[in-house]
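The values are calculated or read from the model by the stated rules, or taken from the named source; none is laboratory data. Because the structure is a prediction, the values reported are computed rather than measured. All Cβ positions, even for glycine, are placed from backbone atoms using ideal geometry, and neighbour counts span all protein chains on display.
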Amino acid sequence: MKKKLIVLLLVVALVGLLAVSVVGCKEKDEFKIGLICLHDENSTYDKNFIDALKATQAKYGLTDEQVLIVTGVPEGDACYQEAAKLADAGCDIIFADSFGHEDYMIQAAEEYPDVQFCHATGTKAHTEDLPNYANAFANIYEGRYLAGVAAGMKLNEMIADEEITTAEAKMGYIGAYTYAEVISGYTSFYLGAKSVCPTVTMDVTFTGSWYDETAERNSAIDLIENRDCVLISQHADSWGAPNACEERDIPNVSYNGSTESACPDTFIISSRIDWSPYYEYVIEQVQAGNPVAHDWVGTLENGGVKLTDLGATAPAEGTAAKIADEKAKLIAGTTKVFDTATFTVAGETLTTYMADVNSDAAFTPDTEAIADGYFQESVFRSAPYFDLSIDGITRLNAMF
Amino acid sequence: MFKTKREPLFHLVKRIDVSKKYAWAVRIGAFLLSILVCAAISSLLTDKSIGFFFKYLFNGTFGTKRTIWNLFHETAILLLVSIAVTPCFKMKFWNIGGEGQILMGALGCSVALVFMGGKSSDGATIVVSLILAFVFGIAWAVIPAFFKARWNTNETLLTLMMNYIAVCLVNYFIKSVASSSTGTLTFKDGLVEPIGGNQFILFIIVSVVLTVLMWVYLKYSKHGYELTVVGESENTSRYVGINNKLVIIRTLILCGALCGLIGFLLVSGVNHSLGDATVEGRGFTGLLISWLAHFNPLAMGLTSFLFVFIDNGASQVSNYARLGASYPKVMTGIFFLFIIATEFFINYKIVFKKMKLKEISSNGDKDIDKEVKEPQENDIDIPKDDNNAQEGITEMIIKEKI
């Protein structure tokens, strides 16, 4: 036993000595950015953040030492620890990408008042009201609406080719959770498709995970084979669904980035959030010593919402022109995605709806969201709060 | 001796009387070698130098005050998990449900926090959440123990499957109390306050105290003796008048209570939240740690420390070299591979054709035919199979085997 203890002590002492020599090197005082990611580049969601940050890094000519990317950070105390470590390493701005990171980012923001903390998809910046804590999101529902237009064009083409009847124009959608971000996303996608193909219906299924390749794949297969869906889209981060579509030759509208490399025959289009305008905005505000807005929203106009190029073979003819047309209308404000004239809830046109904008434990609805004839999505805070179940969309399961 | 088949180029011989000095030299050598291999692989597969690897390996572990605290905090959590499952293993009850038992403890704690947090006093909430964590953790450990004691069911399968049930229960609970959440519940009231403003110290103190207590319990208490005998041979234990069923259930209650405590500390003291990934796989890593340390609580401290050292250090290397989230897992995998292989070289030696003659002359005929029978089982098994049960027990009780 004694010997073991001695050995243990020796090892600890050795490691300690080496450590002291390392601690000696002090970090230089230069501009630094940190990014905390839930997964890594294998997840399309995180890849989107990482790629945008790399682009921003190249634009400002920053070194790898100045732009730190921490991957695989769970939504727990580990997030706070990593944020604090980045602050200790001299970061001036720290971003986090996952919804569950929010409370830990706020905790770190309170402890490091000189560091700007920015959290994507979060909901609490406007109520916490900290000078150094901000939320950001994008009007991705506009991007999804346009992707939905491309899907509707494809359905119209299938009807014209007599592959399906108007009644068989049914889409399938794989979502992660029954959470406003997902609901807002699939509803806008559906409304986009409906704007060009009025008879379209949609089945939605949920996997209960942001990244579960097997579940996403199996859900896609189920929608295609058992629910007769002729077009699939998804809001989850693996390539499970697009790959399943490619194998079965079912057109797919993707999210977070192009899946054309693996699915050349079935890829139609993908919408995604481009975070580089946000990174640039925050960097410029912080360097100029100006405050960062509590809520920042990416739009088609400021480049926060992007559509990828159309696929080479799958999209219907004339899709590109139609999308350009619709995009101009969205930017001009003449088309509203959640125009209450275009959808009904339980057969009724919506005239009033209290949304849960200010976070509280009981999820109390607190803000009137219908005004000027449309649902005011991402106006009162950046993160989505549209969580209505509209007619034409069937939720197959709602357990998540 | 008549030779009936061709002699292989080399064969393996079990070492008799392995000295502790030799064993520890091999282990420490293996650890250092594993670090070197990690460094070599990292620099070969990336454009970074070996110096870069070591710089950030130490920077991520001993770089700042926070990383040092973090290192010992993570070590303490992992150590406590290994401590919790150790009595089961010593009893040869293959409880691989540590993950689920801790998660249930976390769930029990969360139930109290949801229904009492902010409504009752913090003190009352903490007491109730601790009690519920104990109850839930114990329940999840006692169910397989009862089935094992009553019907001799396979505890490995049962405990494994119950992990998944625990995950589902946690998700169900979160969904039912917060319908619009994305899989995590967060808590604000009724939590354990950090001791002296240091959020790390609580886990470290609890872990050290319980490690020492567990060491005493296993080595000097009657309970510890009984569970070792039950693990060694159920017939022997029956013969000496030990109630096997009682011992199995009692030991699993202890294990469940410790797991419940860890769940409580993780929710109330560390994360202040509940999700199905709250335990972060430590329940499984803890098993390996316990095994590798041969169920010796003090050795577990060292093994946990080395594991966390590599894990945290490699994470930092990964952050600075942009290697992704899998990189630290590859590095800890290499570490485990080396340490497990070490056990093989401690227990066996490779004898080549020529060497064999010498061996025979020095050891007599004893070793000749003792080719390896299932090294995977033997190399991590403490009591030697060739001893009979009675001898094995005595050996284990008299001198602690490493």
- [ ] Being under 19 Å from A:V182 (Cβ atoms) and at pLDDT 90 or above is the filter here, so list the residues in the range A:359-375 that pass it.
- [x] A:A369, A:F375
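Matching residues to (1) out of contact with any Cys (no Cβ under 8 Å at 6 or more places or on another chain); (2) assigned to a loop (DSSP other than H, G, I, E, B); (3) of a type outside the set (S, T, Y):
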site: A:G148; (1), (2), (3): yes, no, yes
site: A:I159; (1), (2), (3): no, no, yes
site: A:E162; (1), (2), (3): yes, yes, yes
site: A:T205; (1), (2), (3): yes, no, no
site: A:W210; (1), (2), (3): yes, yes, yes
site: A:A220; (1), (2), (3): no, no, yes
site: A:C229; (1), (2), (3): yes, yes, yes
Open item on the list: Only one of A:I106, A:I159, A:I164, A:I93 is within 22 Å of A:K47 (Cα to Cα) and either in contact with a helix residue (DSSP H, G or I) (Cβ under 8 Å, 6 or more places away or on another chain) or within 11 Å of another protein chain (Cβ to nearest Cβ) (or both). Can you tell me which?
Closed with: A:I93
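With the structure loaded, tell me whether B:V170 is farther than 25 Å from B:F89 by Cα, in contact (Cβ under 8 Å) with a residue 12 or more places away in the chain and away from every other protein chain (no Cβ under 14 Å) or whether it fails that test.
On the way: farther than 25 Å from B:F89 by Cα: yes; in contact (Cβ under 8 Å) with a residue 12 or more places away in the chain: yes; away from every other protein chain (no Cβ under 14 Å): no.
No: the conditions fail for B:V170.
Could you check how many residues of the range A:75-88 are assigned to a loop (DSSP other than H, G, I, E, B) and more than 8 Å from chain B (Cβ to nearest Cβ)? Don't jump to the end; show me each part of the working.
Our first condition is that a residue be assigned to a loop (DSSP other than H, G, I, E, B); within the range A:75-88, this holds for A:75-76.
Within this subset, residues satisfying the condition of being more than 8 Å from chain B (Cβ to nearest Cβ) are none.
The number of residues fulfilling the criteria is 0.
Could you tell me whether B:G241 is outside any helix (DSSP H, G or I) and more than 14 Å from chain A (Cβ to nearest Cβ)?
Numbers: outside any helix (DSSP H, G or I): yes; more than 14 Å from chain A (Cβ to nearest Cβ): yes.
Here the answer is yes, as B:G241 does meet what is asked.
Hey, could you check the range B:255-269 for residues that are surrounded by fewer than 24 Cβ atoms within 10 Å (Cβ to Cβ) and in contact with a helix residue (DSSP H, G or I) (Cβ under 6 Å, 6 or more places away or on another chain) and say which is nearest to the other protein chains (Cβ to nearest Cβ)?
Filtering the range B:255-269 for residues that are surrounded by fewer than 24 Cβ atoms within 10 Å (Cβ to Cβ) and in contact with a helix residue (DSSP H, G or I) (Cβ under 6 Å, 6 or more places away or on another chain), the one nearest to the other protein chains (Cβ to nearest Cβ) comes out as B:G269.
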Task: Answer residue from the range A:46-70, given it is exposed (fewer than 15 other Cβ atoms within 10 Å of the Cβ) and within 13 Å of chain B (Cβ to nearest Cβ) and is farthest from A:D274 (Cα to Cα) among those - done: A:E65
TODO: Filter the range A:251-283 down to the residues that are charged (D, E, K, R) and either surrounded by 19 or more Cβ atoms within 10 Å (Cβ to Cβ) or assigned to a strand (DSSP E or B) (or both), then identify the one that is farthest from the chain's Cα centre (by Cα).
DONE: A:E260
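Go through the range A:325-348 and report how many residues are on the phi < 0 side of the Ramachandran plot and loosely packed, with under 11 Cβ neighbours inside 10 Å. Break it down stepwise before answering.
Looking only at the range A:325-348, we keep the residues that are on the phi < 0 side of the Ramachandran plot, and these are A:325-332, A:334-345, A:348.
Subset that is loosely packed, with under 11 Cβ neighbours inside 10 Å: A:332, A:334, A:341, A:348.
So the count comes out to 4.
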Task: Filtered residues of the range B:83-126 (kept if charged (D, E, K, R) and not in a helix (DSSP H, G or I)) - done: B:K92, B:K119
Task: The lone exception for B:G283 - which of (1) away from chain A (no Cβ under 12 Å); (2) free of Cβ contacts under 8 Å to residues at least 12 places away in the same chain; (3) not hydroxyl-bearing (S, T, Y) it fails - done: (2)
TODO: Starting from the range A:143-164, take each residue that is aromatic (F, W, Y) and list its partners that are at pLDDT 95 or above and assigned to a helix (DSSP H, G or I), counting only C-beta distances under 6 angstrom and pairs at least six apart or across chains.
DONE: A:Y145/A:S188; A:Y145/A:G192
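Give me the residue from the range B:270-303 that is more than 24 Å from B:G333 (Cβ to Cβ) and more than 16 Å from the chain's Cα centre (by Cα) and, out of that set, surrounded by the most Cβ atoms within 10 Å (Cβ to Cβ). Steps first, answer last, please.
Of the range B:270-303, the ones more than 24 Å from B:G333 (Cβ to Cβ) are B:270-275, B:297-298.
With more than 16 Å from the chain's Cα centre (by Cα) added as a condition, the list becomes B:270-275.
Values: B:V270: 24, B:N271: 26, B:H272: 21, B:S273: 22, B:L274: 28, B:G275: 26.
The residue in question is B:L274.
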Task: Qualifying residues in the range B:65-94 (those that are of a type in the set (D, E, K, R) and free of Cβ contacts under 8 Å to residues at least 24 places away in the same chain) - the one farthest from the other protein chains (Cβ to nearest Cβ) - done: B:K65
Open item on the list: Of everything in the range A:284-306, what is over 14 Å from the mean Cα position of the chain (by Cα), under 19 Å from A:K327 (Cβ atoms) and of a type outside the set (A, V, I, L, M)? Give them in sequence order.
Closed with: A:E301, A:N302, A:G303
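For the condition loosely packed, with under 13 Cβ neighbours inside 10 Å and within 15 Å of B:L254 (Cα to Cα), what is the one hit in B:K188, B:K222? First the steps, then the outcome.
Numbers: B:K188 fails: within 15 Å of B:L254 (Cα to Cα).
Checking each option against the conditions leaves just B:K222.
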Task: In the range B:36-64, the residues that are under 27 Å from the mean Cα position of the chain (by Cα) and either surrounded by fewer than 21 Cβ atoms within 10 Å (Cβ to Cβ) or without any contact (Cβ under 8 Å) to a residue 24 or more places away in the chain (or both) - done: B:L36, B:V37, B:A39, B:I41, B:F54, B:F62
Task: Criterion (over 30 Å from B:G281 (Cβ atoms), at pLDDT below 95 and within 11 Å of chain B (Cβ to nearest Cβ)) met by exactly one of A:S21, A:S43 - done: A:S21
